[in-house]
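The values are calculated or read from the model by the stated rules, or taken from the named source; none is laboratory data. The model shown is predicted, which means the values in this text are computed figures rather than measured ones. A quick note on method: Cβ atoms are made from the backbone with ideal geometry, for glycine too, and the neighbour counts reach across all protein chains shown. We work out accessible area using only protein heavy atoms, side chains counted, and drop any ligands, DNA or RNA first. Shrake-Rupley method; radii C 1.70, N 1.55, O 1.52, S 1.80 Å.
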Amino acid sequence: MKAQFVFVLLVLSLCANAQSDYIWEKYLNEVMSAEDMESAEWEDSYEMLCELSQHPLDLNHATREDLEQFPFLSAQQVEEIVEYLYRYGSMKSLAELLMIRSLDYDRRRLLSCFVFVRGDMQNAEDSEKDYWHSELMTTVRVPFYERKGDKAGYLGYPYRHWLKYQLTYGNRLKAGIVGAQDAGEPFFANKNRMGYDFYSVYLQLKRLGRIENLVFGKYRASMGMGLIINNSFALGKLSSLQNLGRSTTTLRAHSSRSAADYLNGIGTTVTITKGLSATAFFSYRNQDATLKTDGTVSSIITSGYHRTETEIGKKNNLKNTTFGGSVRYQDHGLHAALNIVGTHLNRELRPNTNFPYRKYYPQGYDFLNFSTDYGYVHPRFSFNGETAINKDGALATINSLSLRLNGELNLMALHRFYSYRYTSLYSRCFSDGGKVQNENGIYLGATWQPSPRWKLSAYTDYAYFPYLRYQVSQPSHSWDNLFQATYSMKKWTFSGRYRFRIRQKDNEDDLINQMEHRGRITADYEGKIDSRTQVDFNIITSTEHHRGFMLSETLGYSYRWLRLNAGIGYFRTDDYASRIYLYEQGPLYSYNFSQYYGNGIRYWLMCRAGIGKRLALTAKIGTINYFDRSVIGTGYQQVNASSMTDLDLQLRWKF
């Protein structure tokens with residue numbers, strides 16, 4: 001451990017003469033909040049953006065649907081880019097993004113990581129050759145420790161690995177296969193006799209005459225603002241200030257390793273006439289489920305783990321048939337759509353309602369949801385909304401209004417009402433309680449850039465929950481507030497964030513207010529090295545006080561074919577309630593947003609090396625060392641040591 005620590009410090013000291021390298025994760029961190037990344041859904045959005053960064057879009061041939069893939073773009077920004085291309089023709093360079101007045105500096109730099117502008121080609125043959133890309137990638141994680149389940153309990157070996165092959169042709173075709181294996185899962189054994197525990201096979205075609213989009217295999221879908229279906233991207237409170245409550249209808253191939261939110265079958269979007277399109281999809285898939293003795297389903301499992309006999313026994317216990325569709329009109333900033341999603345389960349979903357807060361959980365064999373989404377986008381303002389009902393007539397509605405008073409000030413107001421009787425198996429939308437159910441709230445936000453150096457963002461959000469919730473046995477409310485300021489000067493960027501949140505919880509026969517104070521201060525330097533110094537802290541008060549903080553430093557070095565990144569962080573928290581969240585760079589498509597609690601230190605080193613023009617090798621080694629415990633984790637995950645070290649290896653071949 002001491003040798004690893006000295007090695008990391010040595011690399012940090014050698015980075016002084018390195019060239020700077022700008023990576024999209026850094027810019028994403030400027031416009032997304034920790035709240036987004038705390039959610040499991042954000043991992044899917046991260047993988048989607050990671051893939052787009054590796055396979056950027058030709059901006060001159062990008063459709064509105066292509067641009068709507070980016071969750072950091074607002075409806076005005078998408079509309080203004082589309083309008084610019086229609087009015088002035090193809091862009092000659094990305095410098096023309098300066099003409100998109102609604103794009104601020106962060107969004108412009110971030111977007112440039114995902115798009116490119118292609119110059120005139122000599123002939124069609126050269127263009128076609130340049131458009132075809134194949135990619136083969138494999139990644140493995142090797143742990144230098146032993147879990148309790150590795151000795152007895154887990155059915156497979158302790159290594160996590162995955163394999164991905166993908167073929168693309170510009171923006172028109174994407175086809176591939178992904179195989180993924182979690183640590184402890186059997187490989188070519190037990191129920192995994194076909195090798196990997198999870199496979200995703202997909203094909204996506206675009207712009208085939210009237211067929212705008214066609215997907216086969218595993219795919220994702222979203223309609224409106226997510227009241228009846230959204231397994232395409234996540235929405236957080238601070239990020240909502242960036243996309244300003246945008247609504248969309250989209251189908252995209254499921255090219256990630258997530259075994260949870262996806263559909264399996266076929267889906268298409270067809271142009272009926274100018275401004276009018278129709279989307280339809282059909283899906284049939286197996287799902288993991290916990291069964292009762294009578295054969296009904298007590299819960300649907302989305303973790304994707306199949307490491308033990310118990311977890312294997314829950315694999316593919318449920319058959320899910322889903323269909324849906326949308327008819328959408330969009331022209332001159334106005335859009336309106338009618339949407340439907342229906343699901344049939346081969347086993348009855350019957351959750352344990354002995355707990356009162358579960359009384360209105362989804363139940364039964366069949367589920368049906370209807371919605372209408374609507375909106376109007378103007379260079380100065382936009383209005384978006386969606387209203388939905390389930391088969392029992394319960395209502396859910398969300399509506400947002402955003403104003404761009406000038407080039408520096410943007411305001412947003414959002415209201416949502418989700419009946420406690422409203423249910424949907426695929427909904428994912430703006431909320432404080434984490435569900436599209438049992439919530440009535442209003443959100444106000446603003447971004448202001450008084451000068452090129454200063455940028456201020458703030459929101460306040462009040463939510464009322466009329467029915468019971470987990471650990472809340474009566475109607476309750478919450479109040480969430482955040483303020484963020486960023487100051488840039490030449491090579492330095494300083495940022496500060498403060499969040500104050502009140503949530504009510506049970507305390508004997510009454511409710512008490514749990515107050516959370518969370519803050520972050522960062523200093524970024526862009527020169528011969530990339531560096532970020534960051535301090536995170538929090539104070540949680542209810543019947544007791546909980547405190548935590550973390551000081552971290554990351555550095556990056558680039559020279560031609562070599563990229564080095566390293567980081568070190570010290571954390572100290574009273575308990576799990578005062579845990580700290582920290583983003584950490586990793587190999588491509590590897591989500592690294594970890595939580596830390598207790599007392600300890602985390603340090604890591606990563607190397608990315610290009611081997612010729614086609615091969616790239618990434619290696620990362622990281623250690624977490626606790627000062628306050630000799631045992632890490634519980635159950636099968638228990639490690640009888642005070643530290644853990646992991647090695648990630650990734651090989652990528654483009655051809």
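Go over the candidates VAL297, VAL327 one by one and state the one that is open to solvent by 50 Å² or more (accessible area, probe 1.4 Å), touching a residue at least 40 places away in the same chain (Cβ under 8 Å) and more than 15 Å from ASN264 (Cβ to Cβ).
Being open to solvent by 50 Å² or more (accessible area, probe 1.4 Å), touching a residue at least 40 places away in the same chain (Cβ under 8 Å) and more than 15 Å from ASN264 (Cβ to Cβ) holds for just one of VAL297, VAL327, which is VAL327.
So GLN474 clears everything in (1) assigned to a strand (DSSP E or B); (2) open to solvent by 30 Å² or more (accessible area, probe 1.4 Å) except one condition, right? Which one?
(1)
Kindly provide the set of residues from region 370-381 that are in contact with a Phe, Trp or Tyr (Cβ under 7 Å, 6 or more places away or on another chain) and open to solvent by less than 70 Å² (accessible area, probe 1.4 Å), ordered by number.
If the condition is that a residue be in contact with a Phe, Trp or Tyr (Cβ under 7 Å, 6 or more places away or on another chain) and open to solvent by less than 70 Å² (accessible area, probe 1.4 Å), then GLY375 is the only one that fits.
Looking at region 156-169, I want the residues that are touching a residue at least 40 places away in the same chain (Cβ under 8 Å) and have a partner that is open to solvent by 30 Å² or more (accessible area, probe 1.4 Å) and of a type in the set (A, V, I, L, M) with Cβ atoms under 9 Å, at least 6 apart or on another chain. Which pairs are those?
GLY156/ALA189; TRP162/VAL140; LYS164/LEU136; LYS164/ILE177; GLN166/LEU136; GLN166/ILE177
Can you tell me how many residues in region 577-633 are free of Cβ contacts under 8 Å to residues at least 40 places away in the same chain, outside any strand (DSSP E or B) and among the hydroxyl-bearing types (Ser, Thr, Tyr)?
Final tally of qualifying residues: 1.
Quick check: anything in region 547-570 of a type in the set (Lys, Arg) and farther than 27 Å from LYS620 by Cα?
Yes.
Only residues that are at pLDDT 85 or above and part of a loop (DSSP other than H, G, I, E, B): list them for region 245-257, please.
If the condition is that a residue be at pLDDT 85 or above and part of a loop (DSSP other than H, G, I, E, B), then HIS254, SER255, SER256, ARG257 are the ones that fit.
Kindly indicate the residue of region 527-567 that is among the charged types (D, E, K, R) and surrounded by fewer than 17 Cβ atoms within 10 Å (Cβ to Cβ) and also farthest from the chain's Cα centre (by Cα) among those meeting that condition.
Only one residue fits best here, namely GLU544.
Could you name every one of the helices (runs of 4 or more DSSP H) located completely within region 17-124 that has at least 2 residues being charged (D, E, K, R) and either modelled with pLDDT under 75 or in contact with a Gly (Cβ under 6 Å, 6 or more places away or on another chain) (or both)?
In region 17-124, 24-31, 34-38, 41-54 are the helices (runs of 4 or more DSSP H) which contain 2 or more residues that are charged (D, E, K, R) and either modelled with pLDDT under 75 or in contact with a Gly (Cβ under 6 Å, 6 or more places away or on another chain) (or both).
Output yes when any residue across region 388-401 is assigned to a strand (DSSP E or B), open to solvent by 40 Å² or more (accessible area, probe 1.4 Å) and farther than 17 Å from ILE228 by Cα, and no when none is.
Looking for residues that are assigned to a strand (DSSP E or B), open to solvent by 40 Å² or more (accessible area, probe 1.4 Å) and farther than 17 Å from ILE228 by Cα, one finds at least one in region 388-401, hence yes.
One line per residue, one yes/no per condition, for (1) open to solvent by 60 Å² or more (accessible area, probe 1.4 Å); (2) of a type in the set (A, V, I, L, M, F, W, C); (3) on the phi < 0 side of the Ramachandran plot:
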site	(1), (2), (3)
TRP132	yes, yes, yes
ARG141	yes, no, yes
ASP150	no, no, yes
TRP162	no, yes, yes
LEU167	no, yes, yes
GLY179	no, no, yes
LYS191	yes, no, yes
TYR199	yes, no, yes
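Among the residues of region 477-492, which ones are open to solvent by 30 Å² or more (accessible area, probe 1.4 Å), over 15 Å from LEU444 (Cα atoms) and assigned to a strand (DSSP E or B)?
Residues satisfying the conditions are HIS477, TYR487, SER488, MET489, TRP492.
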